[in-house]
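The values are calculated or read from the model by the stated rules, or taken from the named source; none is laboratory data. No experiment lies behind these values; they were computed from the predicted model shown. In this analysis, Cβ positions are derived from the backbone assuming ideal geometry, glycine residues included, and neighbour counts consider all displayed protein chains. What goes into the accessible areas is simple: the full protein's heavy atoms, side chains included, and nothing from ligands, DNA or RNA. Shrake-Rupley method; radii C 1.70, N 1.55, O 1.52, S 1.80 Å.
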Amino acid sequence: MSSVPAIIITIDGWSSCGKSTLAKQLARELSYTYIDSGAMYRAITLYFLRNHIDWTSPAEVTSALQHISLEFRANHKNGQTEMYLNGENVEYVIRDLVVAEKVSEVAAIREVREFAVAQQQMMGRQKGIVMDGRDIGTVVFPAAELKIFMTADKAIRVQRRFHELYEKNPNVTIDEVRANLELRDYIDSHREVSPLRKAADAIELDNSHIGIREQLELVKEWVKQRLG
Ligand code: DC
């Protein structure tokens, strides 16, 4: 697709459904910017862990957030955008299980969400973005032109996440990965502030049994329809 008008595409859904894979492909096809909103919650979690912030204390959270600067920067070698926390590239370290174990707890905090959502909305001012997360179609961009809600069978999601983590750390076990995924699913969908749910006008995409290319072709059709 060449030179398409700028719209906002939101991709929400459960952990390890392949949201970022689809979002990156789509952004490349459309020459849009890809924004990984989960990376922001992960970077905030990393900051809290490193600085021993007691995130059960709203006052401590508010004060800590004032010292956090988040930025996405392009890596010109691989064409990907990477997360920077106070000027440090944390793209790799935020994918660690240590962060994954705590991120849902941190992402459930009202002050943290307000901090992240305000920045996400700024990034969408010019449109021409694909943003993935949990509340992008419901809270961040409720008027987005195309909203996708991704799901996949749990066993398949566990396998996908396991393979991803195993490459970095061969000591990780499938039981650990399953427990983390189940916990995150539970917290993400039961939290008080912006729980994970499908927006009424989102299209559901279950990719348990479809391949990455087939999925992209399907979504490109939806984009064409939205662009009229
Ligand atoms: O997409 P991810 O696995 O990198 O997300 C990390 C965590 O952040 C996940 O537990 C849910 C949370 N998250 C969120 O609450 N809202 C978003 N828009 C994106 C992620």
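Quick notes on this one:
- Residue list for region 13-29, filter: of a type outside the set (Gly, Ala, Ser) and open to solvent by 10 Å² or more (accessible area, probe 1.4 Å): 14, 19, 21, 24, 25, 28, 29
- In this structure, residue 10 does satisfy being of a type in the set (S, T, N, Q) and either open to solvent by less than 10 Å² (accessible area, probe 1.4 Å) or without any contact (Cβ under 8 Å) to a residue 40 or more places away in the chain (or both).
Here's the yes/no breakdown for (1) outside any loop (DSSP other than H, G, I, E, B); (2) away from the ligand (no atom under 13 Å from the Cβ); (3) charged (D, E, K, R); (4) modelled with pLDDT of 95 or more:
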| position | (1), (2), (3), (4) |
| --- | --- |
| 100 | yes, no, no, no |
| 104 | yes, no, no, no |
| 113 | yes, no, yes, yes |
| 119 | yes, no, no, yes |
| 122 | yes, yes, no, yes |
| 127 | no, yes, yes, yes |
| 131 | yes, no, no, yes |
| 137 | yes, no, no, yes |
| 142 | no, yes, no, yes |
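- In region 31-54, residue nearest to the ligand (Cβ to nearest atom) [restricted to those that are within 27 Å of residue 124 (Cβ to Cβ) and not in a helix (DSSP H, G or I)]: 36
- Checking the stated criteria, residue 130 turns out not to satisfy the condition of being more than 16 Å from the chain's Cα centre (by Cα), within 19 Å of residue 16 (Cα to Cα) and crowded, with 20+ Cβ neighbours inside 10 Å.
- Against the list (1) out of contact with any helix residue (DSSP H, G or I) (no Cβ under 8 Å at 6 or more places or on another chain); (2) within 15 Å of the ligand (Cβ to nearest atom), the condition residue 88 fails is (2).
- From 199, 179, 155, residue being of a type in the set (Gly, Ala, Ser) and under 18 Å from the mean Cα position of the chain (by Cα): 199
- Filter result for the condition that a residue is loosely packed, with under 14 Cβ neighbours inside 10 Å, of a type outside the set (A, V, I, L, M) and either in contact with a Lys or Arg (Cβ under 6 Å, 6 or more places away or on another chain) or farther than 18 Å from residue 26 by Cα (or both), over 175, 135: 175
- Counting only residues that are open to solvent by 50 Å² or more (accessible area, probe 1.4 Å) and under 19 Å from residue 204 (Cβ atoms), region 156-172 holds 1 of them.
- Residue within region 215-226 that is out of contact with any Ser or Thr (no Cβ under 8 Å at 6 or more places or on another chain), part of a loop (DSSP other than H, G, I, E, B) and loosely packed, with under 11 Cβ neighbours inside 10 Å present: no
- Some residue of region 37-52 being closer than 30 Å to residue 5 by Cβ and of a type in the set (Lys, Arg): no
- Boolean, residue 184 is buried (at least 19 other Cβ atoms within 10 Å of the Cβ) and not hydroxyl-bearing (Ser, Thr, Tyr): yes
- Considered as a group, the residues in region 160-181 that are over 12 Å from residue 97 (Cβ atoms) and modelled with pLDDT under 95 include one that is farthest from the ligand (Cβ to nearest atom), and that residue is 170.
- Failed item in (1) open to solvent by 30 Å² or more (accessible area, probe 1.4 Å); (2) within 13 Å of the chain's Cα centre (by Cα), with residue 43 passing the rest: (1)
- Screening residue 63 with (1) in a helix (DSSP H, G or I); (2) within 30 Å of residue 128 (Cβ to Cβ); (3) away from the ligand (no atom under 14 Å from the Cβ) gives one miss only, at (2).
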